[in-house]
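The values are calculated or read from the model by the stated rules, or taken from the named source; none is laboratory data. Bear in mind that the values here come from a model prediction, so they are computed numbers and not experimental data. Every residue, glycine among them, receives a Cβ derived from its backbone with ideal geometry; neighbour counts consider all protein chains shown.
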Amino acid sequence: MTFNDLGLNETLLQAVADKGYDTPSPIQEKAIPKVLDGSDLLASAQTGTGKTAGFALPMLHLLLNNPARRSGKRAIRSLVITPTRELAAQVLEDIRDYSKYTNIRSAVIFGGVKQHSQVNALQKGVDVLVATPGRLMDLEQQGYIDLRDIEFLVLDEADRMLDMGFLRDIKKIIAMMPSDRQNLLFSATFSRDIRRLAEGLLTNPVTVEATPENTTAELVIQKVYRVDQKQKLDLLVKLIWEGNWHQVLVFTRTKHKANRVAQKLEKNKITALAIHGNKSQNARTNALKKFKSGEVSVLVATDIAARGLDIPLLPYVINFELPNVPEDYVHRIGRTGRAGASGQAISLVSADEYEYVRGIEKLLNMKLESSVIEGFEPKSGPVEGGKKRVKAQQGSGQNRNNRNRNHRRPNNNRNRSNRNSSEG
């Protein structure tokens with residue numbers, strides 16, 4: 001099948017051809033005809049599967065082929081809600097690429113920047129609005145946004161929005177729109193909470209899946225290196241230097257650790273920048289630009305900041321710290337192995353993180369390959385029953401308690417609060 005076989009508007013096909021696309025991806029082939037038919041859609045698709053075109057192309061086609069419900073000032077007809085600023089900006093860029101031969105106007109609004117330019121765009125009239133929940137609620141309350149003419153609602157990466165605590169905002173936003181609209185929900189996983197949200201939002205939805213539920217990209221080589229917490233930084237430097245790796249995305253659980261890792265890499269003459277919720281939007285945008293251009297070899301990110309990053313053909317993802325929610329592992333390593341290219345996902349796992357490994361293996365229904373790198377052999381074993389098992393060292397007079405202080409369990413409450421930092 002080619003895009004020409006999908007029955008899309010000629011102006012959209014021309015724009016698709018300009019991007020060099022000929023054959024739709026599995027999610028596009030499955031989703032586009034259903035959206036064109038007017039169906040509500042529940043779609044399971046990870047980042048890198050082409051899901052944006054899966055909803056943007058049919059949505060644009062229907063806007064072009066059907067007149068607005070009321071004449072007069074150009075009203076918002078389509079709303080795409082995303083969890084993060086980066087994803088919102090990327091979705092807008094794609095929508096503008098696909099609609100460049102049309103008269104459709106689109107705009108994006110998100111927090112972290114002044115609202116003046118966003119308000120100006122809204123006041124000129126917008127057909128398609130891409131937004132994060134927080135800024136959308138804010139501008140609606142100020143009277144700059146009217147959602148009474150919405151015909152299409154897209155929740156992109158809905159699982160992440162629930163993780164970030166946006167459920168209440170989403171329900172309030174839905175209440176502002178007419179009931180006779182088409183709803184599209186995209187999620188990397190179909191958790192119980194996602195299914196509950198879908199039941200309340202979608203009407204007789206069609207379900208499509210680009211990959212089996214809760215699986216990882218087949219082209220991603222997954223490895224686990226067991227290492228003591230205090231040796232992770234040195235091992236990371238070794239892997240990047242000896243592998244001559246470029247375009248490496250490193251994940252940490254906290255903002256502080258992201259900064260520390262980036263600083264360590266810089267001290268070892270590896271160009272690196274950190275991005276997280278405490279960075280300004282301009283700093284995050286500039287860091288991503290330098291990473292994409294190759295000016296910076298390593299981008300160190302927290303889960304929230306990295307969500308929605310569009311980095312073509314990313315070869316390496318390193319989990320400096322494993323996430324405490326198994327589904328986040330799927331999101332992280334989905335950054336590589338995209339568009340038919342292979343990639344590596346490497347996790348540096350200390351003794352206190354083995355419970356996370358077991359959770360990930362249970363989710364994926366597979367065993368992760370585990371090994372040790374010479375010179376970085378861990379001195380402590382996996383946590384069993386909440387207690388650390390420490391190997392005896394012959395001739396060593398070290399105090400066991402001193403050694404164990406290096407292997408404290410992560411504070412899950414603190415991590416959860418970091419994940420819920422304001423992105424809207």
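Structure data summary
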item: Tally of residues being in a helix (DSSP H, G or I) and either touching a residue at least 40 places away in the same chain (Cβ under 8 Å) or under 15 Å from Ser280 (Cα atoms) (or both) across the range 96-118; result: 2
item: Subset of the range 324-333 [part of a loop (DSSP other than H, G, I, E, B) and closer than 17 Å to Met161 by Cβ]; result: Val325
item: Top-ranked residue in the range 151-176 [being part of a loop (DSSP other than H, G, I, E, B) and surrounded by fewer than 19 Cβ atoms within 10 Å (Cβ to Cβ); ranked as modelled with the lowest pLDDT]; result: Gly165
item: Qualifying residue in the range 182-189 (condition: modelled with pLDDT under 90 and among the polar types (S, T, N, Q)); result: yes
item: Near pairs, Cβ below 6 angstrom, 6+ apart or cross-chain, from the range 283-300 (under 14 Å from His246 (Cα atoms)) to any residue that is among the small types (Gly, Ala, Ser) and assigned to a helix (DSSP H, G or I); result: Val300/Ala258; Val300/Ala262
item: Among residues of the range 223-250, those that are of a type in the set (S, T, N, Q), surrounded by 15 or more Cβ atoms within 10 Å (Cβ to Cβ) and either over 25 Å from the mean Cα position of the chain (by Cα) or at pLDDT 90 or above (or both), counted; result: 2
item: Yes/no for Asp127 being touching a Ser or Thr at 6+ places or on another chain (Cβ under 9 Å) and of a type in the set (Asp, Glu); result: yes
item: Lone qualifier among Ser179, Ser187, Ser191 - being crowded, with 20+ Cβ neighbours inside 10 Å and not hydrophobic (A, V, I, L, M, F, W, C); result: Ser187
item: Residue under evaluation Ala75, criteria (1) closer than 27 Å to Leu162 by Cβ; (2) of a type in the set (A, V, I, L, M); (3) buried (at least 17 other Cβ atoms within 10 Å of the Cβ), criterion not met; result: (1)
item: So Ala53, is it crowded, with 20+ Cβ neighbours inside 10 Å, assigned by TED's automatic domain parsing to the domain that holds Glu140, modelled with pLDDT of 95 or more and of a type in the set (Gly, Ala, Ser); result: no
item: Single residue of Gly200, Gly143, Gly134 found to be in a helix (DSSP H, G or I), surrounded by fewer than 17 Cβ atoms within 10 Å (Cβ to Cβ) and outside the structural domain of Val261 (by TED's automatic domain parsing); result: Gly200
item: Only one of Leu136, Leu147, Leu129, Leu162 that is free of Cβ contacts under 8 Å to residues at least 40 places away in the same chain and within 30 Å of Phe190 (Cα to Cα); result: Leu162
item: Which numbered condition Ile311 fails, given (1) surrounded by fewer than 23 Cβ atoms within 10 Å (Cβ to Cβ); (2) β-branched (Val, Ile, Thr); (3) modelled with pLDDT under 95; (4) not in a loop (DSSP other than H, G, I, E, B); result: (4)
item: Given (1) modelled with pLDDT of 90 or more; (2) outside any loop (DSSP other than H, G, I, E, B); (3) surrounded by fewer than 23 Cβ atoms within 10 Å (Cβ to Cβ); (4) of a type outside the set (Lys, Arg), number of the condition Phe376 does not satisfy; result: (2)
